[in-house]
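Let me begin by presenting the structure, written as structure tokens, before commenting on it.
The values are calculated or read from the model by the stated rules, or taken from the named source; none is laboratory data. Everything numeric in this text was worked out from a predicted model, so none of it was measured. Please note: Cβ atoms are built from the backbone with ideal geometry, for glycine as well, and neighbour counts cover all protein chains shown. SASA here: full protein model, heavy atoms, side chains in, ligands and nucleic acids out. Shrake-Rupley method; radii C 1.70, N 1.55, O 1.52, S 1.80 Å.
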Amino acid sequence: MKVLVIGSGGREHAVIRKLKESREIGKIFCAPGNGGISVLAAPVDVKATDIDGMVHFAKTEGIGFAVVTPDDPLVLGMADALEAAGIPAFGPSKAAAQIEGSKVFAKSLMKKYGIPTAKYEVFDDPAQAIAYIQRENRFPAVIKADGLALGKGVVIAQNLGEAKEAVRSIMEDRIFGQSGSRVVVEEFLTGKEVSVLAFTDSHTVVPMVSSMDHKRVYDDDQGPNTGGMGTIAPSPYYTAEVADRCRKEIFLPTVEAMNKEGCPFKGCLYFGLILTEQGPKVIEYNCRFGDPETQVVLPLLKTDLFTIFKAVREERLDQLDIQWSAGAAACVILASGGYPKKYETGFPIQGLDEQGQYPGVIVYHAGTKRQDGQFLTAGGRVLGVTGLGEDLPQALEKAYGAAAKIHFPKVHYRTDIGKK
């Protein structure tokens, strides 16, 4: 079978590596892909958000199954369009993708169905938002753009001045475009953050191995939020008892709520959680695999990923026994200097072999291109170096050992992934 994976990052590289293990798949295409992905899959020069172009390519090429992984095309309705054209697709519908596409939708869903989350209010007027923050006078305060913002649409304001600046930059300066037409202002929750990705066919929910993302750009969680500077799996804080509570109080109620709202969710549902003294609460939902969480979760998956994708689409996930490897995984992101703000690209990457890999680890390409047999930097987050081990220290040792031997000008990475 010919399979099309839509996207261009480290997450897509991780999905494709795992799909390559399936005996059912003959050839994999990736639109648009990147330098490292091009070693495993045929690149397709179609933007991930070009729905008409993607459907045309899939029909012309005789694609038997499509995997839509990024948030933008899902929110635009890419999975719906492919299915309407007769191409089976893994990924939620446009209606279901609202759970990530609109923070307001997600928070309203949680309030309506009693799913634990932070106290919040919604504003479409910056003056009213600032007035509310002044009245509450509780800091830190969390200000979120309503729509998609490349994982950077959340500001944790430490004081009123920072809160005012955040509201104005999001709502007036529109640094995130139309995504900032509304904001959610919510209370700051304290506790350990955990990410749990789950396969669901709108009836059955199968959580994957838990993970922990590191969003801030610098060590000790300093600096602005990024799309993620590294991850570990599993999270040591996500105990069997916590997992049971999350399943009963969050996972199943969320899927049931989506059914009741007339937008059943079929795909990968990401739960961004925080473990508070009152119990686990939802920080955010994503309508797809997390990035870079996927780069530590999928290497631990033993079951054929393509088999899971088909079962999700056909609503027979309850028939599978999904297995995971013991041990741990750790991913360190090598980023361009200056990321997540202004940065340069086009630098040659030293230390990788012809496959774009390094011995003893898995190197996931996020922002790279291949030119004349050389891998060059082509984005803010460039590589994700993932180490596997019997435990977390061993996995971290492998990841950092390899990261130290891969170079490009102005390379930057955190040195404290997994330490806390």
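Things to note:
- For segment 119-150 versus segment 205-243, the gap between their alpha-carbon centres in whole angstrom: 25
- Amide H contacts under 5 Å for Val5, placed H, 5+ residues apart: Phe29, Cys30, Ala31, Val67
- Accessible area of the chain belonging to carbon and sulfur atoms, whole % at 1.4 Å probe: 48
- Shape class of segment 104-181 from the Cα gyration tensor (axes a ≥ b ≥ c, square roots of the eigenvalues): oblate, since a/c reaches 1.5 or more and a/b does not exceed b/c.
- Segment 295-420: translational diffusion in µm²/s, Stokes-Einstein, Kirkwood Rh over Cα pairs, 37 °C, 0.692 mPa s: 206
- Highest average packing first - 364-370, 144-150, Cβ atoms within 10 Å: 364-370, 144-150
- The peptide list 294-300, 206-212, 273-279, put in order of mean Cβ contacts within 10 Å with the highest first, becomes 294-300, 206-212, 273-279.
- Mean accessible surface per residue for segment 164-322, computed with a 1.4 Å probe while every protein chain stays in place, in Å²: 38
- Computed [θ] at 222 nm, helices only, for the chain once each DSSP H run of length n ≥ 4 contributes -39500 (n - 2.57): -7500 deg cm²/dmol
- Length gained on full extension, His203 to Lys20: 63.1 nm, using 0.36 nm per residue less the C-alpha separation.
- Under the Debye formula (equal points on every Cα, no solvent term), log10 I(q)/I(0) of segment 7-164 at q = 0.13 Å⁻¹: -0.74
- For the pair Ala326 and Thr415, label points projected 7 Å from Cα toward Cβ lie 3.4 nm apart.
- If R0 is taken as 41 Å, the Cβ-Cβ distance between Arg135 and Ala240 corresponds to a FRET efficiency of 0.50.
- As a calculated quantity, the FRET efficiency between Lys260 and Lys119 at R0 = 22 Å, using C-beta atoms, amounts to about 0.40.
- Shape of the chain, Cα gyration tensor, a/c cut at 1.5: rounded
- Scoring 182-190, 333-341, 386-394, 3-11 by mean Cβ neighbours within 10 Å over their residues and listing the highest first yields 3-11, 333-341, 182-190, 386-394.
- Computed from label points 7 Å out along Cα-Cβ, the spacing between Thr307 and Glu162 is 4.8 nm.
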